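Asks: Next up is a structure, given as structure tokens.
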Amino acid sequence: MRIFKPRFKGRDGTYREATNYAMEFEAGGKRTVKSLQTPNRATAEARAKLLMAQTRDRGWEILKPRLPGARLMKVEDLCALYRIYGTTKERPLSPFTIGKNVCTFRRLAREMEVDSVEAMVGKVKEWRAAAMATKSPISIATDLRSAACVFTEEAKRYYVESGWAMVDPFDGVKVPQFEIKPFEGYPIHEVQRLIGQAKEALKPVDQPAYAVFIMGLCAGMRAQEAAWAQWSHLRPNGIVVDNDPTMHTTKSRRTRFVPLPPSVIRELCGLDRKEPFIMADAERPNGR
């Protein structure tokens, strides 16, 4: 296979180079030249790969004046199709995973200033190089990995079977896998210093906020988990982080128990009680 710009003879007798690229290949024992209908080299290469892949899968008889399959996708078209794929596959993806991947893919397309999948071809590496000035390598790798999830092999097969011509702008882009270091707890003297400052600054004027501080620092509870915590969740040796779909769901969608020392339990139990929520006052009667 060869990609080139054909030359043609103009009316004045001089030879000129065509605007659009074409590909030359052997089909059925004959030399065939196919216009790729684009002046962009990267896009032409992507279309050529697509054409060769589809002709191998479906046979040379599908060759027509235009590229085989349906039109190449706009970003929003692909996002809509990915949502359908993610919810109907044999093992459906969670709504959170689908939403995260779609949002990341859209954001990268906006930052590349493109509105179609085809236009992203050749720009992913340029985006990564530009992002290095403002983002950490770990953040860039996370974005690339999330957006590339829209182009898994299974997803691409689904797109083609749905009648779409498919190009993968992340093809050939290597994303490094960074080691995630385990959490290291804060030194005990720093924790004691923070608690001392909170007792002075928060406890006298905003006990619910002080309760959230204690639950976040000592029990590792997220802000909304602490906000929905109830007095009935306290135990002599810890606190239950409740997953209740009618009120608040935890990130893992599971209820967990967090052991706590007696000193922390005493600190929480010593606060003013306004049932049923630990964090509750006139402005926040239901823990929100």
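Asks: Quick one: in region 23-62, which of the residues that are part of a loop (DSSP other than H, G, I, E, B) and modelled with pLDDT of 75 or more is surrounded by the fewest Cβ atoms within 10 Å (Cβ to Cβ)?
Replies: Per the stated criteria, the residue is P39.
Asks: Right, next: Does V160 meet the test of being part of a loop (DSSP other than H, G, I, E, B), in contact (Cβ under 8 Å) with a residue 24 or more places away in the chain and closer than 27 Å to E76 by Cα? Working first, answer last.
Replies: Details: part of a loop (DSSP other than H, G, I, E, B): no; in contact (Cβ under 8 Å) with a residue 24 or more places away in the chain: yes; closer than 27 Å to E76 by Cα: yes.
Spelling it out, it is not the case that V160 is part of a loop (DSSP other than H, G, I, E, B), in contact (Cβ under 8 Å) with a residue 24 or more places away in the chain and closer than 27 Å to E76 by Cα.
Asks: So if I check each of Q230, Q207, which one is surrounded by 15 or more Cβ atoms within 10 Å (Cβ to Cβ), under 27 Å from R253 (Cβ atoms) and not aromatic (F, W, Y)?
Replies: Numbers: Q207 fails: under 27 Å from R253 (Cβ atoms).
The conditions single out Q230.
Asks: Restricting the first residue to region 234-249 and requiring it to be assigned to a strand (DSSP E or B), which pairs with a second residue that is at pLDDT below 95 and of a type in the set (D, E, K, R) meet a Cβ separation below 6 Å and a spacing of at least six or different chains?
Replies: The qualifying pairs are V241/E225; V241/R256.
Asks: Looking at region 97-117, is at least one residue more than 18 Å from V75 (Cβ to Cβ), at pLDDT 90 or above and surrounded by fewer than 20 Cβ atoms within 10 Å (Cβ to Cβ)?
Replies: Our first condition is that a residue be more than 18 Å from V75 (Cβ to Cβ); within region 97-117, this holds for 97.
In the following step, the residues that additionally are at pLDDT 90 or above were identified as 97.
With the extra rule that they be surrounded by fewer than 20 Cβ atoms within 10 Å (Cβ to Cβ), the set shrinks to 97.
Checked against the condition, which is being more than 18 Å from V75 (Cβ to Cβ), at pLDDT 90 or above and surrounded by fewer than 20 Cβ atoms within 10 Å (Cβ to Cβ), region 97-117 yields at least one hit.
Asks: I've got another one for you. Which one of E126, E200 is assigned to a helix (DSSP H, G or I), assigned by TED's automatic domain parsing to the domain that holds A227 and free of Cβ contacts under 8 Å to residues at least 24 places away in the same chain? Spell out the reasoning first.
Replies: Details: E126 fails: assigned by TED's automatic domain parsing to the domain that holds A227.
That would be E200, the only listed residue that is assigned to a helix (DSSP H, G or I), assigned by TED's automatic domain parsing to the domain that holds A227 and free of Cβ contacts under 8 Å to residues at least 24 places away in the same chain.
Asks: Among the residues of region 154-170, count how many are surrounded by 13 or more Cβ atoms within 10 Å (Cβ to Cβ) and either in contact with a strand residue (DSSP E or B) (Cβ under 7 Å, 6 or more places away or on another chain) or at pLDDT 80 or above (or both).
Replies: 9
Asks: Would you confirm, using the coordinates I've provided, whether P259 is surrounded by fewer than 12 Cβ atoms within 10 Å (Cβ to Cβ), in contact with a strand residue (DSSP E or B) (Cβ under 7 Å, 6 or more places away or on another chain) and outside the structural domain of R106 (by TED's automatic domain parsing)? Let's see the steps before the verdict.
Replies: On the way: surrounded by fewer than 12 Cβ atoms within 10 Å (Cβ to Cβ): yes; in contact with a strand residue (DSSP E or B) (Cβ under 7 Å, 6 or more places away or on another chain): yes; outside the structural domain of R106 (by TED's automatic domain parsing): yes.
Yes.
The values are calculated or read from the model by the stated rules, or taken from the named source; none is laboratory data. As the structure is a prediction and not an experimental result, all values here were calculated from the model. Neighbour counts run over all protein chains shown; Cβ positions are idealised from the backbone, glycine included.
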